[in-house]
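Below is one structure, written out as structure tokens; the observations come after it.
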Amino acid sequence: MVDLVKYTLESFGFKDVNSAKDGSSALKIMHSKKIDLVITDWMMDPMDGIEFVKYLRTNEESPSLFIPIIMLSGRAEKDNIQIARDAGITEFIAKPFTVEKFREIVISVIESPREFVFSGDFIGPSRRRRTATSPNIDDRRGQ
Amino acid sequence: MTDKKPRVDKSGARIYKPDFALKKKVGMNISIAHEISEERLAKAQKFIDTKKGEYNQEGLKEVVLLRSAFREFCKNLDFDNSDKRCSEYKLVLNITLNIKSNSGMYDYPLATDIAKTLFEYMMECKNLDQKFKDVVNVHISALGAIFAHKIKDSDEELSQKVLNSLSEATST
């Protein structure tokens, strides 16, 4: 699956796509270079996807507090998606996914980023529907 | 990422507007939708289609891993080492979920269903007894049969035999 996601991103035109087998390994990469976007699974070991997301959003030593995070997981039940949102993900893609859906989510993360919220019990992208859209762009041109 | 002055809502939460950092990196006047063109989508899809043809081999390897991980987990069932048991159980669940997801991606819907059923069973099961082991092992064998014989869906004769054996194991 990692190879598939990596290949898909590279097919889309993304350069310098790094991969890691779990959250701890990903953090090592993120501490060593600037990363613009994270795509993570849920079920990883020893640091799973939820722990990884929470670390990025709340830990003082997080390499990137505001980074967009897409969770890609087979645990797509409503309760699980809520858990992932509460941990601080930006978007969720259920596995199996289509390349069209993947494209749609990647576009939304870039063109329509969410507001970022700091509240008593939550730090992360707004869990409401997004309202911000990219200025200076006419998306109809791309269709 | 953020602008310097957040707005504060009624609950006291500070809300920062996004600064479109990623968009700026790509180019404000560039349409991502246009850049990730149909051609690029087709390239990615072609990769998936190629993998579909090869996945049964990978599926078999995953089943071998699953069988081995479950065997290891069962060895420690009688020992009071809950951390080790927990870690091994997570591995079994992890592999099962991988099989479920990958089978869905690469067009093995029957394997997806069986892996999903197995995952749910293991998540809910509280009695880690002989019946539990038997049920899990039958599911693992069923997955192995699916990939060994490249069984795609439940209409095939072989798949009916697989489903019948599962049904028998889970009902006793």
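Using θ = phi - 60° and the Karplus relation 6.51 cos²θ - 1.76 cosθ + 1.60, list the HN-Hα couplings for the range B:52-64 in order, rounded to whole Hz, with x at every Gly or Pro.
Result, ordered by residue: 4, x, 9, 5, 4, 5, 5, x, 4, 5, 5, 5, 4 Hz.
For the range A:57-109, how big is the tail of P(r) above 12 Å, as a whole percent of Cα pairs?
Working: 916 of 1378 pairs.
Beyond 12 Å sits 66 percent of the P(r) for the range A:57-109.
Would you kindly derive the ³J(HN,Hα) couplings of the range A:12-25 from the backbone phi angles with the Karplus curve 6.51 cos²θ - 1.76 cosθ + 1.60 (θ = phi - 60°), listing them in order in whole Hz, with x for Gly and Pro?
Result, rounded to whole Hz: 6, x, 6, 9, 6, 8, 9, 10, 9, 7, 7, x, 4, 5.
Looking at the P(r) of the protein assembly as shown, how many percent of alpha-carbon pairs lie beyond 25 Å?
The share of Cα pairs beyond 25 Å in the protein assembly as shown comes to 56 percent.
Any chance you could get the radius of gyration and Dmax over the Cα atoms of the range A:1-97, in Å?
Looking at the range A:1-97, its Cα Rg and Dmax stand at 12.7, 35 Å.
Which three extents, in whole angstrom, do the alpha-carbon atoms of chain B cover along their principal axes, largest first?
Dimensions of chain B along the principal axes of its Cα atoms: 63, 45, 26 Å.
Mean separation of Cα pairs under 8 Å and 6+ residues apart, divided by the residue count of chain B: what relative contact order is that in percent?
About 18 percent, as a whole number.
Give B:23/B:90; A:6/B:52; B:17/B:43; A:78/B:24; B:75/B:152; A:78/B:23 a once-over and call out the pairs whose C-alpha atoms are over 28 Å from each other.
Too far apart for the 28 Å limit: B:23/B:90; B:17/B:43; A:78/B:24; B:75/B:152; A:78/B:23.
Each residue of the range A:86-98 in order: what ³J(HN,Hα) in whole Hz does its phi give by Karplus 6.51 cos²θ - 1.76 cosθ + 1.60, θ = phi - 60°, with x for Gly and Pro?
5, 6, x, 6, 8, 9, 10, 10, 7, 8, x, 10, 9
Grab the DSSP H runs of the protein assembly as shown that are 4 residues or longer, score each as -39,500 (n - 2.57), total them, divide by all residues and round the 222 nm result to the nearest 500 deg cm²/dmol.
About -18000 deg cm²/dmol.
Hey, what angle do you get for helix B:82-105 against the long axis of chain B, alpha-carbon based, 0 to 90 degrees rounded to 10?
Rounded to the nearest ten degrees, it is 80.
For residue A:39, list long-range residues whose amide hydrogen, built 1.01 Å from N in the peptide plane, is under 5 Å from its own amide hydrogen.
Close amide H contacts, sequence-distant or interchain: A:70.
Please give the FRET efficiency for residue B:163 paired with residue A:61, using the beta carbon to beta carbon distance and R0 = 51 Å, rounded to the nearest 0.05.
According to the calculation, E is roughly 0.50.
Using the Kirkwood radius over C-alpha pairs as Rh, can you work out the diffusion coefficient of the range B:1-53 via Stokes-Einstein at 37 °C, viscosity 0.692 mPa s, in µm² per second?
224
Of the listed peptides A:106-118, B:121-133, A:89-101, what is their order by residue-averaged count of other C-beta atoms within 10 Å, with the highest listed first?
A:106-118, A:89-101, B:121-133
I'd like the FRET efficiency for residue B:61 and residue A:34, computed as 1/(1 + (r/R0)^6) with the beta carbon distance as r and R0 of 35 Å, rounded to 0.05.
Efficiency computed from Cβ-Cβ geometry: 0.50.
Rule-based calculations on the coordinates, nothing more; no lab input. For clarity, every value in this text was computed on a predicted model and none was experimentally measured. Every residue, glycine as well, gets a Cβ built from its backbone with ideal geometry; the counts of neighbours run over all protein chains shown.
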